[in-house]
Amino acid sequence: MQFSWLGHSGGMETQPSAKGRVTPAASVPAAARPSSPRPAARPSVPVIGPREGSPRRIALVAHDNKKRDLLDWAHFNRDILAEHSLFGTGTTGGLVESELRLPVTRFRSGPLGGDQQLGARITEGAIDLVLFFWDPLEPQPHDPDVRALLRIAVVWNVPIACNRATADYLISSPLLDSDYKPSLPDYEVAAPVALPSRHEAVVPGQVMGGAEVS
């Protein structure tokens with residue numbers, strides 16, 4: 001009695017031949033072998049074209065204990081940074097400018113309002129990428145400004161790197177040299193509150209212009 005079967009011999013799929021000898025399944029015609037389901041097709045990735053001659057606007061900020069780390073990183077990536085417009089707070093921007101011989105638009109020092117100036121530029125849509133090496137182990141006299149800068153970058157969906165590893169990922173991203181533009185959040189502008197005239201009495205708890213008067 002002749003019969004057909006499939007088995008495994010030493011990890012190789014086998015099948016008996018017409019004379020009873022076991023032969024590798026690779027010699028069996030494809031039509032005779034059971035078909036395995038094909039993997040599902042992966043979704044296509046959109047292709048992003050090259051940047052149209054407009055450099056990215058990159059801000060460089062570092063606390064005192066992190067300045068050397070940022071400068072070492074900037075030296076390593078100097079050729080990439082040279083293709084873009086650089087911004088920096090007072091001391092950090094000056095160090096980058098002098099050591100890398102690259103032009104840097106400088107704000108004031110962080111404790112003197114530089115972080116707030118940078119935050120204003122982010123709000124205006126004038127910064128594309130922030131590299132902020134802040135010190136998590138040292139209290140800063142302008143901690144509220146530091147938190148405000150981190151917050152405003154998230155508010156306006158601006159990519160921000162707070163350590164060297166994240167900076168490596170961002171600077172090596174193919175999106176850096178593309179037409180990619182992050183989506184901007186659609187924040188509704190608060191409705192102005194109507195102020196009562198001087199002849200109009202204000203009653204506590206009264207709602208005026210969408211706001212409750214207390």
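Just so you know, all these numbers are worked out from the coordinates, no wet-lab data involved. Fair warning: this is a prediction, and the values are worked out from it, not measured in the lab. Cβ atoms come from the backbone with ideal geometry, glycine included; neighbour counts cover every protein chain shown.
Quick notes on this one:
- Relative contact order %, the stretch 76-180, counting alpha carbon pairs below 8 Å whose residues are six or more apart: 21 percent
- A DSSP coil position with no more than 16 other Cβ atoms inside 10 Å describes the following trypsin sites (Lys or Arg not before Pro) in the stretch 89-196: R101, R108.
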